[in-house]
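Right, one structure below, let's go through it.
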Amino acid sequence: MLARINSAAVLGIDAYPVQVEVDISRGLRAFTTVGLPDAAVRESKERVESAIRNSGFEFPLERITVNLAPADVRKEGPSFDLPIALGILVATGQVSIEDLDDVVLVGELSLDGHLRRVTGALPVALGARSWDYRALIVAPGNGKEAAVVDDFEVYTAENLYDCVCLLEQGLMAEPVRVTQEDLNLEAPDYAVDFGEVKGQQHVKRALEVAAAGGHNVIMIGPPGAGKTMLARRMPTILPPMDLAEALEVTKLYSVAGLLGRQTALVTTRPFRHPHHTVSTAGLVGGGTVPKPGEISLGHNGVLFLDELPEFRRDALEVLRQPLEDGMVTIARAQQTLTFPANFQLIASMNPCPCGYYTDPVKQCTCSPGEISRYRKRISGPLLDRIDIHIEVPRLTPDELFQREPGEPSAAVRERVLRARQAQRERFADTDIHANAQMSARAMRQFCPLSDEVEALLRTAIDQFALSARAHDRIIKLARTIADLDGKESVEIPHIAEAVQYRSLDRKLWG
């Protein structure tokens, strides 16, 4: 007999339908899986046989052929265990299910028949809804994640036997529901707060400007000045994610297998902090079937690169395209995948190899040649793509022993939200979401400069030998500072502050 079960697989961060065809025929006992399966899919025959026997069913001693259609796309992972096992039971007549045409099944089987969670349940649920299926059956560990999808039924089954009973009863059980607490995007829960940072008021101001306009930041200072502490609190002052952003982030974490077992939706801005030994593939993504890398896992959040010059040069240079386009494209011989990578880059570094070149207390022990080679590890084109360059000095004793807490993240976030609201109104008829995303044409339209402001900017560019890209960054920064100030047009104080955020690279690199 022949049985057809609907399933799905994930390619990139999106799902595509897979039909699992199971044929039982006479002949020598064999179990063959076709349709470009990887090793994990081929090994499913051992798991499926044990799961069927340990669930109280009989495993056929005949020739079994499993086809995963479409046959020209490589299948990977153990998520086809459940549809294969159910297909065998239907093909052998051990279970009678009237209608399987509108149900999708994914899940890994343990040897005793229990269902284990798989990666990519949210993309599968979104895909199944778009393909006009009625319901999805997954393991309990994937229930909340998949149930986030509106107007779609998601059911869970503890084991293979429960899944069979659920289908034979016509899905009469109650589908999984997601509570309002699981979707609470208005009040994200962060474990850290800006108020915990002592001193560094000018750095906090720079990060506030960065959050208000979506700008990238590099912090330069000696060890122990608080660069990492400040960077970790950057997500707490960013605007809360809306549902569309949260779904994008959750899809990425689901595909990467980083979603918590009972997590329905990622409600906090991501903060990724890869070590400087990370490979290029680990940073941008890769693999035989490409998976998202660190820059995609930082989508809609913050990518923090500590000790920036210590990263491999080729790994840093691949950041240039995502910083401009908000996405990363991974090309392989058989396919090309695009992952979203709209992140805010927060980088930090020491001013020299020993870290104390600008420190007023400890003396630097580096030679001029060592300092020059250290700084040249960061290319000019990459540095130009970082809008804000800010120096983070050592804390003074008075600041270190300060007892009163600083301004909390909630207060800073309120100002950031007002600035973002002004940008939403300004860019209402465009695809721009923040000042940092403005093109040259958009800057001419939305950032007209008076003669006095233009004269100041011309002087700054001449004095610091800034590039054309730095000129554009200054205007975007000034527009953000004006938004924080509640001003309709860019004025001289806004340009002056924006220039200050671009002068540090000439002080240290010039």
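Laid out as a table, the results:
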read-out: Residue check, Val95 in contact (Cβ under 8 Å) with a residue 60 or more places away in the chain and within 22 Å of Val266 (Cα to Cα); value: no
read-out: Matching residues in segment 126-153 - criterion: being open to solvent by 10 Å² or more (accessible area, probe 1.4 Å), under 19 Å from the mean Cα position of the chain (by Cα) and not β-branched (Val, Ile, Thr); value: Leu126
read-out: Scope segment 419-437; condition more than 22 Å from the chain's Cα centre (by Cα) and crowded, with 17+ Cβ neighbours inside 10 Å; matching residues; value: Ala419, Ala422, Gln423, Arg426, Phe427
read-out: Residue in segment 270-292 that is closer than 30 Å to Thr396 by Cβ and touching a Pro at 6+ places or on another chain (Cβ under 9 Å) present; value: yes
read-out: Output for segment 328-368, where each listed residue is more than 26 Å from Tyr501 (Cα to Cα) and outside any loop (DSSP other than H, G, I, E, B); value: Val328, Thr329, Ile330, Ala331, Thr336, Leu337, Thr338, Phe339, Pro340
read-out: Residue check, Thr267 open to solvent by 10 Å² or more (accessible area, probe 1.4 Å), part of a loop (DSSP other than H, G, I, E, B) and under 16 Å from Met234 (Cα atoms); value: yes
read-out: Residue that is within 20 Å of Asn159 (Cβ to Cβ) and either open to solvent by less than 40 Å² (accessible area, probe 1.4 Å) or in contact (Cβ under 8 Å) with a residue 12 or more places away in the chain (or both), where the choices are Glu62, Glu21, Glu46, Glu58; value: Glu58
read-out: Some residue of segment 377-385 being out of contact with any helix residue (DSSP H, G or I) (no Cβ under 7 Å at 6 or more places or on another chain) and either among the aromatic types (Phe, Trp, Tyr) or in a loop (DSSP other than H, G, I, E, B) (or both); value: no
read-out: Glu58 among the acidic types (Asp, Glu) and part of a loop (DSSP other than H, G, I, E, B); value: yes
read-out: Candidate set from segment 370-385 (those that are more than 17 Å from His276 (Cβ to Cβ) and open to solvent by 30 Å² or more (accessible area, probe 1.4 Å)); member that is nearest to the chain's Cα centre (by Cα); value: Pro381
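The values are calculated or read from the model by the stated rules, or taken from the named source; none is laboratory data. Quantities reported herein were computed from a predicted structural model and do not represent experimental measurements. Note that each Cβ is placed from the backbone with ideal geometry, even for glycine, and that neighbours are counted across all protein chains shown. Note: accessible area is taken over every heavy atom of the protein model, side chains too, but ligands, DNA and RNA are not part of it. Shrake-Rupley method; radii C 1.70, N 1.55, O 1.52, S 1.80 Å.
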